[in-house]
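The structure appears right after this line, and notes come after that.
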Amino acid sequence: MGGPLAQNHLESRRDVLSYTSPALEEPVDIAGPVRLCLWVDSTAPDTDFVGKLLDVRPDGRAIIIADGALRVRHREGFDTEKPLHPREAAEIVVDLGHVCARIATGHRIRVHISSSNFPHLDRNANSGAPVGTDETLSTARQRVHHKGARASGLTLTVLSGD
């Protein structure tokens, strides 16, 4: 199901990271590509990272603007498969697509990061085996880095008011 769906049900999940800006003092116009640039590590040789950009309204509803996912084995391109080494940090870029949106005064900008969007997207068994060949799922523990040379962040184009 597409469209402007509320994502508040994800806020209480332990496997979803949520980052929220302060309330905006003036509207913010976003136009162009949105990228979630993450430094991550995992206990698994392959896993997924999912990002969502949300508009949080004053009543608390968090409405999705854009989302995207990356199967980490393809972090260097879809023609390349490169497994992760356990707990070794890797830089990945989750493409959330192109957007054109105004986030109004009083609203907040929120980002969700998780390792799944099932049933919207297929599950990743976290084994690194060829897709569709696993008979069991493995639990993976993910980390998103935030500091220094390995700071993760959101990249988007904000239009000037001029």
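Taking the centroid of alpha carbons for each part, the stretch 49-64 and the stretch 81-137 are 16 Å apart. Of Leu36, Leu17, Leu137, which is the most mobile in a GNM of the chain whose springs link Cα atoms less than 10 angstrom apart? Taking springs between Cα atoms under 10 Å, the residue moving most is Leu137. Going by neighbour counts of Cβ atoms within 10 Å, the residues Ser116, Ser160 line up, fewest first, as Ser160, Ser116. When the stretch 51-136 is described by a simple charge dipole with +1 on each Lys and Arg Cβ and -1 on each Asp and Glu Cβ, the residue from Gly77, Ile64, Thr136 located farthest towards its positive end is Ile64.
Taking loop as defined by DSSP and a crowding limit of 12 other beta carbons within 10 Å, which trypsin sites (Lys or Arg not before Pro) in the stretch 21-106 fit?
Answer in residue order: Arg87.
FYI, it's all coordinate maths here, none of it is from the lab. Every value quoted in this text rests on a predicted model; they were computed, and no experiment measured them. Positions of Cβ are generated from backbone atoms using ideal geometry, with glycine treated the same way; all protein chains shown enter the neighbour counts.
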